[in-house]
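Trainee: Quick one: the structure is below, questions incoming.
The values are calculated or read from the model by the stated rules, or taken from the named source; none is laboratory data. Please read these numbers as outputs of a predicted model, since none were measured by experiment. Methodologically, a virtual Cβ is constructed for each residue, glycine included, from the backbone with ideal geometry; neighbour enumeration extends over all protein chains shown. For accessibility, only protein heavy atoms count, side chains too; no ligands or nucleic acids. Shrake-Rupley method; radii C 1.70, N 1.55, O 1.52, S 1.80 Å.
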Amino acid sequence: MILKKIDQLTEILLEIKKQNPLIHHITNYVTANDCANIVLALGGSPIMADCCEEVEEIVSMASALTLNLGTLNEKTANSMIIAGKKANRLKIPVILDPVGVGATQFRREMLKEILEEVEVAVIKGNLTEIKNIYGIREKAKGVDSVNDGIFYEEKKGLAIEVSKKFKCITVITGKEDIITDGGKVYIVENGTPLLAKITGTGCMTASLISTCCSVTENYLLASLLGVLIMGICGELATIENRGLGSFKVKLFDHISNFTKEELKKGRFYEE
Amino acid sequence: MILKKIDQLTEILLEIKKQNPLIHHITNYVTANDCANIVLALGGSPIMADCCEEVEEIVSMASALTLNLGTLNEKTANSMIIAGKKANRLKIPVILDPVGVGATQFRREMLKEILEEVEVAVIKGNLTEIKNIYGIREKAKGVDSVNDGIFYEEKKGLAIEVSKKFKCITVITGKEDIITDGGKVYIVENGTPLLAKITGTGCMTASLISTCCSVTENYLLASLLGVLIMGICGELATIENRGLGSFKVKLFDHISNFTKEELKKGRFYEE
Amino acid sequence: MILKKIDQLTEILLEIKKQNPLIHHITNYVTANDCANIVLALGGSPIMADCCEEVEEIVSMASALTLNLGTLNEKTANSMIIAGKKANRLKIPVILDPVGVGATQFRREMLKEILEEVEVAVIKGNLTEIKNIYGIREKAKGVDSVNDGIFYEEKKGLAIEVSKKFKCITVITGKEDIITDGGKVYIVENGTPLLAKITGTGCMTASLISTCCSVTENYLLASLLGVLIMGICGELATIENRGLGSFKVKLFDHISNFTKEELKKGRFYEE
């Protein structure tokens, strides 16, 4: 089973290299550079543009749209809705990264508006973010999840509920990552605590998922692939670790060299 | 004396690892990524948020607030005042980095407003910036200090005056760094000219100081520690130097590996 | 001939180290950090400032002004016009990087306004961008050129026409780079496809050109030098390539170590 999956995932990888898809981001200024570079490393072509006057035209050229709520303000939230609605009309997948949505009332309100207006293909967040999306008011400590210790069954149940509610793929990142379409559930065990010690690996995971979703209609597998790439490359980057500066450089090295061989290091299963 | 200080400084270091404090930044888009990564490297948790609708709620979760005037505009200046006043009410330390305040009338006016409304725990700047804060109109060349050649006694005197005027710790960075609370004065001799050859090391020093201030009420020692970490790690990063790209990577490596051992390389004294 | 050129170009290099010129950027938030670091690596001093209240004062201190249209909005476009007009009055060279101008109507309109109000010393873009500047509506795929395969003679002809129309140096980057003042034409053959695999090398090339233009009135040679530095250092950075993370680090290493010796690796000719 896993071997067949590896082949299917490899096809997505190869399709990205072949198509060089354009990935539109409306995202924060803290990690925009990293997100652009990770799309390039995987074989896509990033464009960051958030001006309401041009986002419709930009997204019309794109193969996926990433909406990232970090450093959100009312203007970019508005641009997200405009671009998202256009993407929906054009059947372009929208990937939502609700960064820090547990942190403030403002982000929750903006997120609510976005989810009322835009159909998303994938929602990716940590546990606190996904809880808040579902309406459970768990206060985040900043942009990070406060509690990764709840029972696995509870996490899985939440992911399935969110998928059903928003008719989308749900990804909950954490020590183990959960990816579901509301029916099938994948668990990914790859990763390293160091990934949480550099900024933007969450945002970059969303960018990887977007890039994968841009070349297939199987958003479940595409999301699984995005999560696997980050987890496996994170592990590879810890080899001969010299510190967080080098770790980040190696992370990008491994993502740009990622092939079927590396994919085989994936530790994932279907439930 | 120095050995005792090393122990006290080490305690702050260990406390950061233990508490993983949230450090709120309202800062520029040029170096925001580096500032976030340096907080993580030291053991803190950064959050960059500048939208006036949410900064009060963000800072309420935080253990320190960094206000950085690079790429300032009226909206962010307003958010700084809102967040700063809230931080004051909550007794959260506010660290001010008046980037390029000597460069334009606009920045001087915004700074004046901020300082009228917000009580700051630490002001950190280069000589030109600190002069301008004190009301001495020295024109900066961009964001860098024009003249580091004035007599040491004059610099020390200025730092003491600024501390008295604003009832805060004052840090003047330069070939030798001065840290004072208006009474005690520390001098730090660590550092390397290469630190001025990559962008954002000034901003990052403010982020280090914020992270240190977030776990202690001794802001003088916390500021000394922030300055020492940057100076010592800068020196370590010059070993086997291959160029400015590698230098920056090694700087982050050393900061993420910083312990009491590295602290012993500090060359500082109390006057 | 080439040897004499090498000497002239070396003089510009040395002049940058000597003068440490201030380079004002109004630029996008995706690559601002890289642009700042590349100016520093070459020996200049960057300042990023886009607030309309202060750009006149900032540019008055600067030796060159870079206008980069990535992540453009109406506010920054307005600041570009204010700063550009001031630069014109002060005879400070303005370097224009029309990022993604083929992508949207909005960018074309903003660009038109800028070019009506501001005299530019250098326009640097890929083929699609330069076509759009000349009024040829070629739709870009995001911020990248769609078609680098047209005949060389056609590209050269376009560059000459743009230079005549806007009385400026025109740089068309691509597999081979073309630099012209409308009369003389230089072709640069250095470079590597990897430069297109990390974000911002186009923006950084504009920053290098700005830095070179800031210390000489020979903007043609200065633009040639900027293009050569990026192409040569890109090639050097591919040695013992480990991936895109390391490649970017080495690119900055080589730029910070760039001297006459490296310049001799230039493969360029005058037509």
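Trainee: So how many residues does the stretch B:23-49 have that are more than 17 Å from residue A:200 (Cβ to Cβ) and at the interface with another protein chain (Cβ under 7 Å from one of its Cβ atoms)?
Mentor: 0
Trainee: Kindly list the number of the only condition in (1) surrounded by 21 or more Cβ atoms within 10 Å (Cβ to Cβ); (2) away from chain C (no Cβ under 14 Å); (3) aliphatic (A, V, I, L, M) that fails for residue A:90.
Mentor: Checking residue A:90 against (1) surrounded by 21 or more Cβ atoms within 10 Å (Cβ to Cβ); (2) away from chain C (no Cβ under 14 Å); (3) aliphatic (A, V, I, L, M), the one that fails is (1).
Trainee: A further question follows. For the stretch B:52-65, check the following and say yes or no: at least one residue is in contact with a helix residue (DSSP H, G or I) (Cβ under 6 Å, 6 or more places away or on another chain), crowded, with 21+ Cβ neighbours inside 10 Å, within 14 Å of chain A (Cβ to nearest Cβ) and part of a helix (DSSP H, G or I).
Mentor: Within the stretch B:52-65, one or more residues are in contact with a helix residue (DSSP H, G or I) (Cβ under 6 Å, 6 or more places away or on another chain), crowded, with 21+ Cβ neighbours inside 10 Å, within 14 Å of chain A (Cβ to nearest Cβ) and part of a helix (DSSP H, G or I).
Trainee: Shifting gears a bit: Can you tell me which residue within the stretch C:66-87, out of those that are in contact (Cβ under 8 Å) with a residue 24 or more places away in the chain and polar (S, T, N, Q), is nearest to the other protein chains (Cβ to nearest Cβ)?
Mentor: C:71
Trainee: Test residue A:112 against the stated conditions and say whether it is surrounded by fewer than 24 Cβ atoms within 10 Å (Cβ to Cβ), farther than 25 Å from residue A:136 by Cα and more than 10 Å from chain C (Cβ to nearest Cβ).
Mentor: When the stated conditions are applied, residue A:112 does not pass them.
Trainee: Oh, and also: Of all residues in the stretch A:235-258 being in a helix (DSSP H, G or I) and polar (S, T, N, Q), which is farthest from the chain's Cα centre (by Cα)?
Mentor: Restricting to residues being in a helix (DSSP H, G or I) and polar (S, T, N, Q), the top hit is A:246.
Trainee: Is it the case, given these coordinates, that residue B:260 is within 14 Å of chain C (Cβ to nearest Cβ), open to solvent by 10 Å² or more (accessible area, probe 1.4 Å) and at pLDDT 95 or above?
Mentor: no
Trainee: Conditions: (1) within 16 Å of residue B:9 (Cβ to Cβ); (2) touching a residue at least 24 places away in the same chain (Cβ under 8 Å); (3) part of a helix (DSSP H, G or I). Residue B:261 meets all but one. Number of the miss?
Mentor: Going through the list (1) within 16 Å of residue B:9 (Cβ to Cβ); (2) touching a residue at least 24 places away in the same chain (Cβ under 8 Å); (3) part of a helix (DSSP H, G or I), residue B:261 breaks only (2).
Trainee: Among the numbered criteria (1) away from chain C (no Cβ under 14 Å); (2) closer than 28 Å to residue C:39 by Cα; (3) more than 18 Å from the chain's Cα centre (by Cα); (4) open to solvent by 40 Å² or more (accessible area, probe 1.4 Å), which one does residue B:189 miss?
Mentor: (3)
Trainee: Still on this structure, please answer the following. Please go through (1) in a helix (DSSP H, G or I); (2) free of Cβ contacts under 8 Å to residues at least 60 places away in the same chain; (3) within 14 Å of chain A (Cβ to nearest Cβ) for residue C:220 and return the number of the only condition it doesn't satisfy.
Mentor: (3)
Trainee: Which residues, taken from the stretch B:22-51, are in a loop (DSSP other than H, G, I, E, B) and either without any contact (Cβ under 8 Å) to a residue 40 or more places away in the chain or surrounded by 23 or more Cβ atoms within 10 Å (Cβ to Cβ) (or both)?
Mentor: B:27, B:28, B:29, B:30, B:31, B:44, B:49, B:50, B:51
Trainee: Within the stretch C:142-160, take every residue that is open to solvent by less than 70 Å² (accessible area, probe 1.4 Å) and more than 30 Å from residue A:62 (Cβ to Cβ) and give me the one that is modelled with the highest pLDDT.
Mentor: Checked the stretch C:142-160; the qualifying residue modelled with the highest pLDDT is C:160.
Let's see how each residue does on (1) among the acidic types (Asp, Glu); (2) touching a Cys at 6+ places or on another chain (Cβ under 9 Å); (3) at pLDDT 95 or above:
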residue: B:34; (1), (2), (3): yes, yes, yes
residue: B:42; (1), (2), (3): no, yes, yes
residue: B:45; (1), (2), (3): no, no, yes
residue: B:53; (1), (2), (3): yes, no, yes
residue: B:64; (1), (2), (3): no, yes, yes
residue: B:68; (1), (2), (3): no, yes, yes
residue: B:79; (1), (2), (3): no, yes, yes
residue: B:87; (1), (2), (3): no, no, yes
residue: B:90; (1), (2), (3): no, no, yes
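Trainee: Would you confirm whether or not the stretch A:149-162 contains a residue that is in contact (Cβ under 8 Å) with a residue 60 or more places away in the chain and more than 29 Å from residue A:55 (Cβ to Cβ)?
Mentor: Yes: the stretch A:149-162 contains one or more residues that are in contact (Cβ under 8 Å) with a residue 60 or more places away in the chain and more than 29 Å from residue A:55 (Cβ to Cβ).
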